[in-house]
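Engineer: Mind having a look at this structure? Questions to follow.
The values are calculated or read from the model by the stated rules, or taken from the named source; none is laboratory data. Note that this is a predicted model, so its numbers are computed, not measured. Cβ sites come from the backbone with ideal geometry, for glycine too, and all protein chains shown count toward neighbours. Heads up: the accessible areas ignore ligands, DNA and RNA and are worked out on the full protein's heavy atoms, side chains in. Shrake-Rupley method; radii C 1.70, N 1.55, O 1.52, S 1.80 Å.
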Amino acid sequence: MSFFSKKLDLSRTTRNAIFNYGGVIWRAALSILLIPFYVHHLAPHEWGLVAICIAVQGFLTLLDAGLSQIIPRDIARASADKDGVARQFAIFSRAYFLLAAAAFCVGQLAVPWLATHWLKLTDGAPEESYASLRLAFLMFFFQFWNTVHIGYWNGMQEQHLANIRQVVFATAKHGAAASLVLFWSPTAQAYLIGFTVLTAMEWVANRTTIRRHLSGSGAKATLADLMKLTHETGILSVGVLLGLLVSQIDRFILSSMVSVSDYGRYIAVANLGLAFFQFQGPLLAAFYPRLSVELPVGETRSLRHLSIGVALLNVLPCLIAALTAPFFLNLWIHDATIVAVGTLPLQLIFLAIAVNSVYQIFYQQILVHGQGAYVIWTNAANIILVGSFVLLATPHMGIVAGGWGWLLGASIQLLAGVLWTTFFKARCSKLDSQINRSI
């Protein structure tokens with residue numbers, strides 16, 4: 001690679017990193033700034049319906065099962081060949097469409113059972129909760145299918161374009177939802193109509209742009225292509241599914257065990273915690289390529305730098321946020337009930353994110369050394385232990401059980417990371433050294 005090629009590659013990487021950070025910060029800020037607006041303008045039951053629909057979106061992301069991590073890889077490998085890129089895009093687009101359509105159809109059929117038996121939405125008119133859930137499944141259809149467009153731009157090293165579009169449409173979605181709630185109807189349906197319409201428009205805009213870029217190619221996905229993709233993602237899918245289940249287990253269990261109003265309060269404070277959680281991503285993404293090169297040859301400089309970054313940018317802010325949670329929550333939400341019932345869960349969530357941030361130092365090493373099976377077993381144990389705890393504790397603790405579940409899960413992960421470092425890391429490093437010498 002020439003000097004100018006290296007410089008161009010570094011410039012592109014730097015640009016993408018900056019836009020990744022900007023996208024995360026903007027979307028997190030939207031959530032932090034607008035949740036208080038929705039809480040104040042929607043009745044507790046209406047906000048609870050919105051929270052339920054947000055949770056449905058989270059549950060259904062399990063269908064991704066690692067595809068979003070593979071799209072950029074395969075698009076990047078084919079980037080020099082326009083027909084090859086078009087073929088990869090067609091394969092992934094067809095896969096996402098089939099999964100989205102299946103979720104939409106099953107979801108529409110299951111709405112009455114979900115509303116009546118699982119979520120126990122007995123307050124308000126039944127048709128209102130039915131309509132809200134139907135809109136949530138329709139929004140998911142376009143949102144999930146749109147993932148292929150983001151993956152395409154990431155694979156083409158056009159992450160700045162992906163982030164700009166995500167920021168623009170995220171802002172437009174909230175703008176439409178807030179306007180409908182404020183000027184038309186303070187209901188969950190108004191919120192969801194705004195988001196659903198703009199999500200469909202986002203899909204159309206992204207699809208049109210990519211189609212224009214790939215014009216002239218007649219590539220199509222075949223059944224054989226889809227079967228090959230399913231085979232390739234099999235092992236990765238297991239680990240990703242278990243990891244996603246770990247992240248969703250509290251919301252999944254609480255949705256059927258607490259009132260809609262309390263569930264809405266929990267989602268409000270959990271989303272505030274998740275805004276802090278998102279700041280791990282850009283830092284880890286920046287260091288992982290360097291760790292992948294350095295750790296196998298015994299170099300730990302980047303690992304030390306990552307540890308310092310995690311401590312300063314993730315752990316310390318979360319600890320400060322946990323200590324100041326009562327003041328911060330009151331300043332943020334201005335709702336006495338949410339402050340009263342949500343302070344302890346929020347503190348526990350902040351502590352859990354701090355613990356998880358430390359775990360990421362071990363997790364990156366586990367990934368570099370190719371120990372995916374260890375991650376699978378860790379996540380499986382986490383699901384069983386955290387799920388059992390939240391299930392048993394919720395009748396006694398209410399939504400506080402969700403916060404303790406977060407902290408328990410993060411602690412299990414950290415313990416697993418420490419155990420791996422103590423008992424397995426030396427063996428993996430020795431194996432890497434032998435491979436490097438043979439090469």
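Engineer: With the structure loaded, tell me whether L98 is closer than 26 Å to W118 by Cβ, in a helix (DSSP H, G or I) and either of a type in the set (S, T, Y) or modelled with pLDDT of 80 or more (or both) or whether it fails that test.
Structural biologist: On the way: closer than 26 Å to W118 by Cβ: yes; in a helix (DSSP H, G or I): yes; either of a type in the set (S, T, Y) or modelled with pLDDT of 80 or more (or both): yes.
In short, yes.
Engineer: Take the residues of the range 181-207 that are part of a helix (DSSP H, G or I), free of Cβ contacts under 8 Å to residues at least 24 places away in the same chain and open to solvent by 20 Å² or more (accessible area, probe 1.4 Å): which is nearest to V56 (Cα to Cα)?
Structural biologist: Going residue by residue through the range 181-207, those that are part of a helix (DSSP H, G or I) are 181-183, 188-207.
After this cut, where a residue has to be free of Cβ contacts under 8 Å to residues at least 24 places away in the same chain as well, the list is 183, 190, 194, 197, 204.
Within this subset, residues satisfying the condition of being open to solvent by 20 Å² or more (accessible area, probe 1.4 Å) are 183, 197, 204.
On the way: F183: 26, V197: 18, V204: 23 Å.
So the residue we want is V197.
Engineer: Further question on the same structure: Counting just the residues of the range 72-86 that are out of contact with any Ser or Thr (no Cβ under 8 Å at 6 or more places or on another chain) and not in a loop (DSSP other than H, G, I, E, B), which one comes out most open to solvent (accessible area, probe 1.4 Å)? Reasoning before the result, please.
Structural biologist: To start, the set of residues in the range 72-86 that are out of contact with any Ser or Thr (no Cβ under 8 Å at 6 or more places or on another chain) comprises 72-81, 84.
Restricting the remaining residues to those that are not in a loop (DSSP other than H, G, I, E, B) gives 72-77, 84.
Working: P72: 33, R73: 95, D74: 20, I75: 1, A76: 46, R77: 179, G84: 17 Å².
If we take residues in the range 72-86 being out of contact with any Ser or Thr (no Cβ under 8 Å at 6 or more places or on another chain) and not in a loop (DSSP other than H, G, I, E, B), then R77 is most open to solvent (accessible area, probe 1.4 Å).
Engineer: How many residues are open to solvent by less than 30 Å² (accessible area, probe 1.4 Å) and modelled with pLDDT of 80 or more when one looks only at the range 212-221? Don't jump to the end; show me each part of the working.
Structural biologist: Initial filter on the range 212-221 (open to solvent by less than 30 Å² (accessible area, probe 1.4 Å)): 214, 221.
So of that shortlist, the ones also modelled with pLDDT of 80 or more come out as 214.
Of the residues in that region, 1 qualify.
Engineer: For the structure I just gave you, tell me whether Q413 is open to solvent by less than 40 Å² (accessible area, probe 1.4 Å), closer than 18 Å to P296 by Cα and either in a helix (DSSP H, G or I) or not basic (K, R) (or both).
Structural biologist: Here the answer is no, as Q413 does not meet what is asked.
Engineer: Which of the following residues is modelled with pLDDT of 95 or more and farther than 16 Å from L244 by Cα: V368, V400? Before you say what the answer is, go through the steps one by one.
Structural biologist: Numbers: V368 fails: modelled with pLDDT of 95 or more.
Among V368, V400, only V400 is modelled with pLDDT of 95 or more and farther than 16 Å from L244 by Cα.
Engineer: Among (1) open to solvent by 10 Å² or more (accessible area, probe 1.4 Å); (2) in contact (Cβ under 8 Å) with a residue 40 or more places away in the chain, where does A336 come up short?
Structural biologist: (2)
Engineer: Could you list, in sequence order, all residues of the range 288-314 that are crowded, with 19+ Cβ neighbours inside 10 Å and in contact (Cβ under 8 Å) with a residue 40 or more places away in the chain?
Structural biologist: L291, L295, L306, V310, N314
Engineer: Among the residues of the range 374-389, is there at least one that is under 23 Å from G298 (Cβ atoms) and not acidic (D, E)?
Structural biologist: So the first thing to find is which residues in the range 374-389 are under 23 Å from G298 (Cβ atoms), and the list is 374-375.
Still in the list and also not acidic (D, E): 374-375.
Checked against the condition, which is being under 23 Å from G298 (Cβ atoms) and not acidic (D, E), the range 374-389 yields at least one hit.
Engineer: What are the residues in the range 49-69 that are crowded, with 20+ Cβ neighbours inside 10 Å and more than 30 Å from V260 (Cβ to Cβ), if any?
Structural biologist: L67
Engineer: Checking G175 against (1) open to solvent by 10 Å² or more (accessible area, probe 1.4 Å); (2) at pLDDT below 95, only one condition comes out false. Which one?
Structural biologist: Evaluating G175 over (1) open to solvent by 10 Å² or more (accessible area, probe 1.4 Å); (2) at pLDDT below 95 leaves (2) as the failure.
Engineer: If I filter the range 107-129 down to residues being closer than 21 Å to I253 by Cβ, assigned to a helix (DSSP H, G or I) and of a type in the set (A, V, I, L, M, F, W, C), which single residue comes out as modelled with the lowest pLDDT? Working first, answer last.
Structural biologist: From the range 107-129, those closer than 21 Å to I253 by Cβ are 107, 110-111, 113-123, 129; that's our starting set.
Retained after the next criterion (residues that are assigned to a helix (DSSP H, G or I)): 107, 110-111, 113-118, 129.
From what's left, of a type in the set (A, V, I, L, M, F, W, C): 110-111, 113-115, 118.
Working: A110: 92, V111: 91, W113: 88, L114: 87, A115: 86, W118: 80.
Only one residue tops the list, namely W118.
Engineer: When you look at I349, is it open to solvent by less than 70 Å² (accessible area, probe 1.4 Å), within 23 Å of G23 (Cβ to Cβ) and either at pLDDT 85 or above or not in a helix (DSSP H, G or I) (or both), yes or no? Full working, then the answer.
Structural biologist: Working: open to solvent by less than 70 Å² (accessible area, probe 1.4 Å): yes; within 23 Å of G23 (Cβ to Cβ): yes; either at pLDDT 85 or above or not in a helix (DSSP H, G or I) (or both): yes.
Yes; evaluated as a whole, the condition is true for this residue.
Engineer: Filter the range 376-403 for residues that are without any contact (Cβ under 8 Å) to a residue 60 or more places away in the chain and surrounded by fewer than 21 Cβ atoms within 10 Å (Cβ to Cβ) and give the result.
Structural biologist: If the condition is that a residue be without any contact (Cβ under 8 Å) to a residue 60 or more places away in the chain and surrounded by fewer than 21 Cβ atoms within 10 Å (Cβ to Cβ), then W377, A381, I384, L385, S388, F389, L392, A393, H396, M397, V400 are the ones that fit.
Engineer: Look at the range 363-375 and say how many of its residues are open to solvent by less than 40 Å² (accessible area, probe 1.4 Å) and part of a helix (DSSP H, G or I).
Structural biologist: Pass one, the range 363-375, residues open to solvent by less than 40 Å² (accessible area, probe 1.4 Å): 364-366, 368-369, 372, 375.
From the residues that got through so far, the ones that are part of a helix (DSSP H, G or I) too are 364-366, 368, 372, 375.
Qualifying residue count for the region: 6.
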